[in-house]
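Structure record follows, encoded as structure tokens.
The values are calculated or read from the model by the stated rules, or taken from the named source; none is laboratory data. This is a predicted model, so every value here is computed, not measured. Note: ideal-geometry Cβ built from the backbone for every residue, glycine included; neighbour counts use all protein chains shown.
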Amino acid sequence: MNKPLLEVRGLTRSFGALLASDSIDLEVREGETHAVIGPNGAGKTTLIAQLAGNLRPDRGRVRFAGEDVTALSAPARSRRGFARSFQITSVYSEFTALENVMLAVQAHAGHSFRFWRPAREETALRSPARAILDEVGLGARSDVLAANLAHGEQRALEIATALATRPRLMLLDEPVAGMGAEETQRMIAFLSTLKGRKTIILVEHDMDAVFSLADRISVLVYGRIIATGTPQEIRANAEVRRAYLGEEVQA
Amino acid sequence: MNRRTAILLAGFLLLAVVPPLAALLGQPFYVDLLRRVMIFAIAALSLNLILGYGGMVSFGHAAYLGVGAYAVGVLAHYGVHNGYLQWALAIAASALVALVIGAVSIRTSGIYFIMITLAFTQMLYYLGISIEEFGGDDGMRLAVKSQFPGLIDLNDGNAFYYLVLAILVLVALLGHRLVNSRFGMVIRAAKSNEARTRAIGFSPYPYRLAAFVIAGAVCGLAGALLVNHTAYLTPEFMNWTRSGELMFMVILGGMATTAGPVLGALALLLVEDVLSGWTQHWQIILGPLLVLSVLFFRRGLAGLLFGKDE
């Protein structure tokens, strides 16, 4: 349970003069929900992109389940168990919710050089996709085009798509961004049902979400992790409060 | 059967009654015209697979028309008239050329993809012009049409017409199956949202390349049909304006639909035919017509006919 599933060592990436990731070390244990917080522009999405394989680091290594995955592409990491949700909603807008999730199931059900059978009618793709939509509360909306879903529903669809790849590690980039209070509560409640079952790296600005979900928190400021610890430790950390949290957690 | 399938079937039935109707009206010219339309419809359907469904804006699809036509023409030039051999070579050679062009161009996207596919096709065009043995820019006549002893005689205009119709129906049917299969879903997904597609674990490249090769092979077959239809071939088959026409057929007819490319080929070639009967400068009229149609029929002629898409 406590051996690190993900091990990041010395991860460094710059964009011109901007050091977006500065020698980041991070360990995420199997089954934990590990939040990464930090002010805007701290490099959180850059970190997620490097973990997901969308962006190559300049230096440093990423190890996953004992394997060095630093050089692997995003699809290759997905096949090893990475799943990513995007900060800016990224769904197939002209496909239905069900088709969105079915595609994710299909991506992990062997090769897709199959040319004859209609994919939409395959029970092997439909049933798992339907079950996951039910799980995230979109069961009744499965035949709606993703473009016509409400913002909160699209966010939930992203999580459903990630789950459909049966991931070992979920990289969730601000899953409650732009959501209303009620939607946020629902999403937090759902994500808490994943706790312990899935290993999650959660990037989030919403402190309610962070403090109610995270087992541990790492604080990223100007590309550096300035502290890692339990929510209590982070709350108590003077440097963190100065750099980022401000009054928000004093209440 | 839904409305869409019914209309499609009715359309193919209409095409099937053209030869007797033309004979009845004493207008055999229409058999010729519609055979040409159907050959271009096959080419447009193949382009639609990568352009409409795959989002790959290939501006060089005429290359495969040319390769298919030259495969037949060159074999005939050296005295090989066996149709099976000629058409098999047309398909294989187009697939191979598509494999090479696709392997390079699919690594790029956007404007680069358009320019690379165009550049490759222009290379083939100039290659055709430079080979004196095959007539250079004059091209060459196909004195003897592809021979299918015991099966069909392509000199029989009606028989040839029905063969083209059968191939068109087959290509439309296979294409329809393909775009709804797992394979089809991957190339459509990659068009819709590439980042999402990679994130869920698909590497789009091999799927796109396979689609590109399939499209090239089918268009090569259309080329083999076209050279038999016109009984001559020239490098003009591969001219970039021809690639543009194919794109227009797809866009005008309605991208990512089965009926669209057929309707597009029909509309473009019929309008071309009518206008060129009126005036030598028919392109001056055709141009604005195309612009207007793209502006007002955003979803193409198929969108008009079928209403809301699937």
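Quick notes on this one:
- Counting only residues that are buried (at least 17 other Cβ atoms within 10 Å of the Cβ) and in contact with a strand residue (DSSP E or B) (Cβ under 8 Å, 6 or more places away or on another chain), the range B:159-177 holds 2 of them.
- Per the listing A:Arg13, A:Arg9, the residue uniquely more than 27 Å from B:Ile187 (Cβ to Cβ), more than 14 Å from every other protein chain (Cβ to nearest Cβ), surrounded by fewer than 19 Cβ atoms within 10 Å (Cβ to Cβ) and in contact (Cβ under 8 Å) with a residue 24 or more places away in the chain is A:Arg9.
- Of the criteria (1) at pLDDT below 85; (2) closer than 28 Å to B:Arg35 by Cβ, which one B:Glu310 fails: (2)
- Filter result (within 13 Å of another protein chain (Cβ to nearest Cβ) and among the small types (Gly, Ala, Ser)) within the range A:34-74: A:Ala49, A:Ala52, A:Gly53, A:Ser73, A:Ala74
- Some residue of the range B:134-152 being modelled with pLDDT of 95 or more, touching a Phe, Trp or Tyr at 6+ places or on another chain (Cβ under 8 Å) and within 14 Å of another protein chain (Cβ to nearest Cβ): no
- Scope the range B:104-155; condition assigned to a loop (DSSP other than H, G, I, E, B), closer than 30 Å to B:Tyr205 by Cα and without any contact (Cβ under 8 Å) to a residue 24 or more places away in the chain; matching residues: B:Thr108, B:Ser109
- The listed residue being touching a residue at least 40 places away in the same chain (Cβ under 8 Å), crowded, with 19+ Cβ neighbours inside 10 Å and among the small types (Gly, Ala, Ser), out of A:Ser93, A:Ser142: A:Ser142
- Count of residues meeting criterion [closer than 23 Å to B:Tyr232 by Cβ and either surrounded by 19 or more Cβ atoms within 10 Å (Cβ to Cβ) or at pLDDT 95 or above (or both)] in the range B:21-31: 1
- Residue match in the range B:224-232 (condition: surrounded by fewer than 19 Cβ atoms within 10 Å (Cβ to Cβ), of a type in the set (A, V, I, L, M, F, W, C), out of contact with any Lys or Arg (no Cβ under 6 Å at 6 or more places or on another chain) and assigned to a helix (DSSP H, G or I)): no
- For first residues located in the range B:180-208 and within 7 Å of chain A (Cβ to nearest Cβ), partners that are β-branched (Val, Ile, Thr) and in a helix (DSSP H, G or I) and lie 6+ apart or on another chain with Cβ distances below 6 Å form the pairs B:Ala189/B:Thr197; B:Phe202/B:Val186; B:Tyr207/B:Val186; B:Tyr207/B:Ile187.
- Restricting A:Arg197, A:Arg216 to those that are at pLDDT 95 or above and either among the basic types (Lys, Arg) or out of contact with any strand residue (DSSP E or B) (no Cβ under 9 Å at 6 or more places or on another chain) (or both) reduces the list to A:Arg216.
- Residue under evaluation B:Val80, criteria (1) free of Cβ contacts under 8 Å to residues at least 12 places away in the same chain; (2) of a type in the set (A, V, I, L, M); (3) surrounded by fewer than 20 Cβ atoms within 10 Å (Cβ to Cβ); (4) part of a helix (DSSP H, G or I), criterion not met: (4)
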